[in-house]
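See structure below.
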Amino acid sequence: MDYFLQQLINGLTLGSIYGLIAIGYTMVYGIIGMINFAHGDIFMIGAFISLALFLLVTSVLGFAFLPVVLLIVIVIAMLFTSAWGWTVERLAYRPLRGSFRLAPLITAIGMSIALQNFVQITQGARVKPLPPQIQGGITLMEGSTAAGDIVVRLSYMQIIIIVTTVVLMAGFSLLISRTSLGRAQRACEQDRKMAALLGVNVDRTISLTFVMGAALAAVAGLMFLLFYGVIDFYIGFLAGIKAFTAAVLGGIGSLPGAMLGGLLIGLIEVFWSGYFTVEYKDVAAFSILAIVLIFLPSGLLGKPEVEKV
Amino acid sequence: MAESDTNMPTSLQKPVGAQIKREERAEAPRNTGPGGTGNKLADSLRDAAMAAFLAAVLGFFLIGIRTDIAPGGLALTTRWVAWIVSILVVFGGRLALSLLVFRADHPVTETLGGKISSLSEATPQLGKWLARALLVFALVLPFFFTTFVPGRDRQFIDLAILILTYIMLGWGLNIVVGLAGLLDLGYVAFYAVGAYSFALLAQFFDLGFWMALPLAGMLAAFWGLILGFPVLRLRGDYLAIVTLAFGEIIRIVLLNWYEFTGGPDGISGIPKPTFFGLELSRGDDGFAAFFGLEYSPIHRFIYLYYIILVLALITNFVTMRLRRLPIGRAWEALREDEIACRSLGINTRNTKLTAFAIGAMFGGFAGSFFATRQGFISPESFTFLESAIILAIVVLGGLGSQIGVVIASVVMIGGIEMLRNLGFLSNVFGSGFDPVQYRMLIFGLAMVFIMVWKPRGLISTREPSVVLKEKKQIGADMVAQGEGH
Amino acid sequence: MTDVAEMETPGRSAAERRWENDPVLSVEHLTMRFGGLVAVGDLSFDVGRGDITALIGPNGAGKTTVFNCVTGFYKPTEGRIVMRHGVGRQDNTVQEVTASGRRFKHEEDQGVFLLERMADHEITHKARVARTFQNIRLFGGMTVLENLLVAQHNPLVVASGFSFGGILGLPSYSRAEKAAIDKAAYWLERTNLIDRADDPAADLPYGAQRRLEVARAMCTEPRLLCLDEPAAGLNPRESTDLNALLKFICEEHDTSVLLIEHDMGVVMEISDHIVVLDYGVKISDGDPENVKSDPKVIAAYLGVEEEDEIDIPEVREDVAEQVGESTPASSPSKEAKPASGSKSKTAGKTKTNAKTSGAPTRTRKTTKSGTGKGGAS
């Protein structure tokens, strides 16, 4: 039970990170119907920017009060990573809008390769370990049984991750459902041509979608950095695919679906590692991706697609 | 309700409109840039300044600052010079692009692109002649290199072998993606199955290359069927992502099934191919001794070269034949419109599976060759990147075009490998500069730029498989891209 | 079969019911539900051998759904669809196949196929039912000739020795391919497309694409050809040509035709038998003369929902005028005009009303003129 509870907490934490990345996939897929293959790498760039910022703020500028540091890092990392998201869209996707669907998929893969290698060249191929910054936590359960001591802990880090995710999600849902930007976005999802005829600036709306996705990926990057304490240029690939799996599982195009899918993938991965084998945890994630796409292509919260004859 | 109100044929709706739109867009910024003052140079400068500013933002944390592991944690080092250089490069590059392409009266890309397409479209014979010339060159290539660059012939023949391997893989994948229109991002799985099949058959049953080759191909085809079956219902990007997942699953299993595959250590000591029972080695019963030649290690490279050349040509021959057979036409019809196929009595399930299986079989052959050439294989050789490179070759060359695959392989693989020869650049940029490091960065960016420049690939016309009176090339805007569109 | 009997108007001769005695296709109690929505409810009709049968009805009446069920693109919720090769109802064989749980029984020139059990490609390949689509589905990037060769896929696959012989270049395949090209050329001549044989199908003008789709369907050698709005978007001349083509197909090629059509000119001129659907149920079934004068049909075509009533005086006058003109003596095409004119009115309402489609009696207020004239004729 205690082990289960601990895994549950860990799974929710990991799932929150996946969920934040998955939102980027789901929004982009919803609006232009393509898999933004480079999104995982935007997340990786977000992690690297966060790392540089963190060191800059703590060791060079000398701030020590952690909440302030985190706030500064989050805001600036979101801004700078958004610039990357915007640039990727502008360079690789916008020129191909209205073109054949394979073309943007290829440029997306090309961008993904280019971004990974760019970071590898500029930041080096070795992993970057960051010592744990946020120590401590709440002990939920303590005691000893015949099997041994049991401790279930909810670290402050995990609390921060989960709370940040919930806050961002809430804010984001409001943004999509209440603001004119959200309305423009939903209009573009339904019918881009018609939206353009009605005066929606489609290019700008799509750009903003990428910017928002990148900003959330930056937050996910920072969380990943703080939680695991290790990043390298390759983290984007696996995290990206798992986040995409999350988006598909939840129903692509649906924001709550992305979050739900993220949590489920996080839980599955953690429980799989906890109860079966760590080596095959990625196989579990990939198998779920395949199974969901084959048997439930519209996901848990998505709208089913009917084949028209 | 099941009735749709549009009476427009789908074939008219798709590509034509897109094409026109794209051309319009290409037209638009040239005439009047957004808020353009009419002054070409001033506008270009402003554009370039904005691009430079963006580069400054993007590069600030990633180029300007570098985190390194130092005693006692991580340390920041700053590289402002590199940062400023990158900004200037972007400024210059964007300015040049603006003046030469975006705002030019005769954009360089258009002239160049026009030349390429007019070459391939106006004279369909040219493609044939080019193919023949390439074939003749390929046949004499090893002797060409041993005669003209004797010092580095081994390196060049090795590069030719590498390029031919990618050409063969490209042709194999072309069946699945180019003809049948099924977007497969996990093709490397079959390459891996072929390689591991041969390695394991050699290890456990002591089979030689020629014995194992057909078996490896069959096993790969079998895996093509197994992986193809569940994904039949999927379309487009979903199909791509599931095949990617299958490719990764196979790699992870190879990586972790230590007892069988050797895990990350891989399998070594894979036998070399023999020439009708003769080993290409030094010794009395070797190839050289049998024919009374002086032993030279280059013989083995030449032999390997001819093996892959023959394998690749068989792939090409079979593909070209299949295109003219009902099954090949059914693949192309499937790419165009699956529902119409079903209404004509074509069993789409079997048709898709044959495409998967035949494509996988050629991947398996190529994998076996890879194993025998390297003598050592490990899961590291079969990452997603490999799949991406093969797919990029197929798409950049032009879907369905056999000669396009050749051109794309030579340009992408050959071009990238050529970076290894640019050692002199380190004299210019300082000793720390290693052009090889930039290989994959350039590869990725090249994928992006070629696609933006020619979204249908370099050779985008389709040749009809049967002719009544007069053969006409079919423009790319007519041809569907299947599950991917 | 009971509801067919109910619907029969008195005064039909035995000759008029020949489709019941020798049907090539029988749709029996077909029901198709999408979730809670009943697209087709308990529909039964026969398609006579050698006849041109038209399936008509307002937009959203479920015609294409019937087509999709017949050609295997949808699996019907309930009902039986029987395709027959050979003469007569073959009731014993039908019952035998139904009871045996098999999909079809086929020997020599006789055969019974239960289409609701068969996959879409089998229906074309074995039961020999071909179809065209409302929104043309050609292989746009392939040439006209290639389109027609794809249609002959199944015999050619056998001729190519399942590709093995073809790869080796055996002469038997080249002979078969030559024959296939000849057959394609025959249909290209017939559809007046022979000059465009080597052009990509997407390059053809709209009318030619429609003809090519018919030619492609004919290359599968069908016993029953299902055409989904073949005349949609055609100009009057093309429409006339199409009529001639369909008559030719019917008379010369042992092929029966089932078509969905909104153009009443085409329907009245070429059909031997008309089935009228509205909201997924059959409201009339008979030869053109009977259907034309069936009050239910007129109500369905001219009927306007209360809340849907049009308040633009010009339109109402227009409808009144045209309905007023339509005496039994007037030409069928003229009479059809108000029908197609009022199509859009009913179309708008189909969705909301679809839930009640199972119910036989529906409250439907027609325009004054519509009711008056419709009831009188």
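The values are calculated or read from the model by the stated rules, or taken from the named source; none is laboratory data. It should be emphasised that the depicted structure is a prediction, and the values quoted were computed from it without experimental measurement. Cβ atoms come from the backbone with ideal geometry, glycine included; neighbour counts cover every protein chain shown. For the accessible areas, the whole protein counts, side chains as well, though only heavy atoms, and no ligand, DNA or RNA atoms are used. Shrake-Rupley method; radii C 1.70, N 1.55, O 1.52, S 1.80 Å.
Condition check ((1) of a type in the set (A, V, I, L, M, F, W, C); (2) modelled with pLDDT under 90) across all residues:
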| site | (1), (2) |
| --- | --- |
| B:Leu183 | yes, yes |
| B:Ala189 | yes, no |
| B:Leu201 | yes, yes |
| B:Phe209 | yes, yes |
| B:Ala212 | yes, yes |
| B:Leu227 | yes, yes |
| B:Thr243 | no, yes |
| B:Phe246 | yes, yes |
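Residues in the stretch B:213-243 that are away from chain A (no Cβ under 14 Å) and within 20 Å of the chain's Cα centre (by Cα): B:Ala220, B:Gly224.
Results for (1) touching a residue at least 40 places away in the same chain (Cβ under 8 Å); (2) open to solvent by 50 Å² or more (accessible area, probe 1.4 Å); (3) of a type in the set (Ser, Thr, Tyr), shown as yes or no for each residue.
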position: B:Leu200; (1), (2), (3): yes, no, no
position: B:Phe204; (1), (2), (3): no, yes, no
position: B:Leu215; (1), (2), (3): no, yes, no
position: B:Met218; (1), (2), (3): yes, yes, no
position: B:Leu227; (1), (2), (3): yes, no, no
position: B:Leu232; (1), (2), (3): yes, no, no
position: B:Gly247; (1), (2), (3): yes, no, no
position: B:Phe260; (1), (2), (3): yes, yes, no
position: B:Asp265; (1), (2), (3): yes, yes, no
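Checking the condition open to solvent by less than 10 Å² (accessible area, probe 1.4 Å), closer than 29 Å to A:Ala52 by Cα and of a type outside the set (S, T, N, Q), which residue from A:Gly261, A:Gly236 passes? Sole residue among the options that is open to solvent by less than 10 Å² (accessible area, probe 1.4 Å), closer than 29 Å to A:Ala52 by Cα and of a type outside the set (S, T, N, Q): A:Gly236. The single condition among (1) assigned to a strand (DSSP E or B); (2) at the interface with chain B (Cβ under 7 Å from one of its Cβ atoms) that C:Phe113 does not meet is (2). Taking the conditions exactly as written (touching a Lys or Arg at 6+ places or on another chain (Cβ under 8 Å), surrounded by fewer than 24 Cβ atoms within 10 Å (Cβ to Cβ) and either within 21 Å of B:Ser460 (Cβ to Cβ) or of a type in the set (Val, Ile, Thr) (or both)), does B:Ile416 satisfy them or not? Yes: the conditions hold for B:Ile416.
Taken across the stretch B:295-310, residues that are more than 14 Å from chain A (Cβ to nearest Cβ) and open to solvent by 70 Å² or more (accessible area, probe 1.4 Å) do occur, with at least one present. Counted as qualifying within the stretch A:23-124 are the helices (runs of 4 or more DSSP H) with 3 or more residues that are under 26 Å from A:Val163 (Cβ atoms) and open to solvent by 10 Å² or more (accessible area, probe 1.4 Å), namely A:66-88.
Scanning the stretch C:134-165 for residues that are more than 7 Å from every other protein chain (Cβ to nearest Cβ) and in contact (Cβ under 8 Å) with a residue 40 or more places away in the chain returns C:Val144, C:Asn147, C:Leu148, C:Gln152. Checked against (1) within 14 Å of chain A (Cβ to nearest Cβ); (2) of a type in the set (Asp, Glu); (3) part of a helix (DSSP H, G or I), B:Asp158 passes all but a single condition, namely (1).
Per the conditions (1) out of contact with any His (no Cβ under 9 Å at 6 or more places or on another chain); (2) more than 10 Å from chain B (Cβ to nearest Cβ), the sole criterion not satisfied by A:Gly85 is (1).
Note on the stretch A:33-61: residues that are over 19 Å from A:Leu226 (Cβ atoms) and touching a helix residue (DSSP H, G or I) at 6+ places or on another chain (Cβ under 6 Å) amount to 7.
Of all the numbered requirements in (1) away from chain B (no Cβ under 11 Å); (2) open to solvent by less than 60 Å² (accessible area, probe 1.4 Å), A:Phe244 misses one, and that requirement is (1). Assuming B:Lys115 fulfils every condition listed in (1) modelled with pLDDT of 80 or more; (2) open to solvent by 80 Å² or more (accessible area, probe 1.4 Å); (3) basic (Lys, Arg) apart from one, which condition is it? So the condition that B:Lys115 fails would be (1).
Here B:Leu391 qualifies as aliphatic (A, V, I, L, M), within 13 Å of another protein chain (Cβ to nearest Cβ) and under 20 Å from the mean Cα position of the chain (by Cα).
For the stretch A:58-80, a tally of residues being within 11 Å of another protein chain (Cβ to nearest Cβ) and not aliphatic (A, V, I, L, M) returns 3. Within the span defined as the stretch C:117-133, every residue fails to be touching a strand residue (DSSP E or B) at 6+ places or on another chain (Cβ under 6 Å), surrounded by fewer than 19 Cβ atoms within 10 Å (Cβ to Cβ) and farther than 23 Å from C:Ile274 by Cα.
At least 2 residues being in contact (Cβ under 8 Å) with a residue 60 or more places away in the chain is the threshold, and among the helices (runs of 4 or more DSSP H) wholly inside the stretch B:336-404 those reaching it are B:348-374, B:384-397.
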